[in-house]
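Notes follow the structure.
Every number in this text was worked out from the coordinates using simple rules, so none of it is lab data. Just so we're clear, the structure is a prediction, and the values are computed from it rather than from any experiment. We place every Cβ from the backbone using ideal geometry, glycine too, and count neighbours over all the protein chains shown.
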Amino acid sequence: MPSYRRTSAVAASALSAAALVGLTPATAGAHGAVFNPVSRVAACYAEGPETPKSQVCKDLVADSGTQPLYDWNEVNIANADGQHQALIPDGKLCSANRAKYRALDWARTDWPATAVAAGSFDFKVRATAAHSGTMTVYITKAGFDPTQPLKWSDLDATPVAVYNTTRTATDGYYNFTGTLPARTGRHIVYKVWQRNDSPEAFYSCSDVTFGGAAAAQTQVKAHAPTEAKIAAGADLSTVSHAGHGGDEQAPALSAETAAAPTSPLPLALAGAGALAAFAGGTLLLGRRRNPSAS
Ligand SMILES: [Cu+2]
């Protein structure tokens, strides 16, 4: 499908103006996070990196600082290439085995949680950068003990949702419906988002509670960051606007555009599924190792 990766550099001055309609500015940082049910890192970011309210988020900041929260849309492995279980040991699923995000692995029962019930569920993923790939969402098996570190074998092999993502997201969100099985008490929803235009993958844990009693254990209500909150913290994010933080090389660009890294680059050519570097009025379609850097 991504045959454009093989495309050798060609001057594409003949590209129709219609194709330009799909150009979107690549101003956002990388990736995204699950907002419903809200993921651990997103819930703590929503509380405020400087003023966390729940004890677990306070403890996260005490342990790891505020940066993991400002970088709420990261939690990635640049070269995952589908090898999730080989790369992430048991107990490290929520951090994707990233030391920076180690606190997310804490097996605690006071993570802000979303009350859910068996049946249809509308997932929401805030994508600060849209990527082509597949989002696979799992839930822990019945009988899961949330006081123990999350293991791969804790996850029900049957996903609760599988969603193919595109390079565009509606108003910055991927919305899709899944089906939650019957459960009781506290469980973890685990998301793996594997890109198919690069080996990169993203991971997250969202805490959910089935039934009212367990939900009451959470003192601070879980909520997702607002757009205002996202904007307010963007300047403190270390997730590069041109690449993917420290995890990945910034995209290879033409000489002209590489010389001006601060200018927003129109990277996405929707429809054509191709990438363009817009330089000096000339559109170049070039082969890129990592075509969809955001
Ligand atoms: Cu990204």
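Here, the range 51-128 yields an orientationally averaged convex hull projection of 6.9 nm² when only Cα atoms define the hull. The overall shape of the range 32-236 is rounded: from the C-alpha gyration tensor, with semi-axes ordered a ≥ b ≥ c, the ratio a/c is less than 1.5.
What's the magnitude of the charge dipole for the range 32-236 around its Cα centre, counting Lys and Arg as +1 and Asp and Glu as -1 at the beta-carbon? Answer in Debye, nearest 20.
260
Annotation for Tyr173 and Ser153: the two label points, set 7 Å from Cα along the Cα-Cβ direction, are 3.8 nm apart. Which of the chymotrypsin sites (Phe, Trp or Tyr not before Pro) found in the range 161-196 are loop residues per DSSP with 11 or fewer other Cβ atoms within 10 Å of their Cβ? Of the chymotrypsin sites (Phe, Trp or Tyr not before Pro), not one in the loops of the range 161-196 has a Cβ with at most 11 other Cβ atoms within 10 Å.
Per-peptide packing, taken as the mean over residues of other Cβ atoms within 10 Å, places 45-51, 65-71 in the sequence 65-71, 45-51 from highest down.
Only lysines eight or more places from Lys124 in sequence, or on another chain, were considered; those with a Cα closer than 19 Å are Lys191, Lys221, Lys229. When each of the peptides 122-129, 226-233 is scored by the mean number of other C-beta atoms lying within 10 Å of its residues, the order from highest to lowest reads 122-129, 226-233. Dipole of the range 106-157 (Lys/Arg Cβ +1, Asp/Glu Cβ -1, origin at the Cα centre): which of Gly143, Ala118, Trp106 lies farthest to the positive side? Positive-end residue among those listed: Trp106.
Partner lysines whose Cα lies under 18 Å from the Cα of Lys100, excluding those fewer than 8 positions away in the same chain, are identified as Lys58, Lys92.
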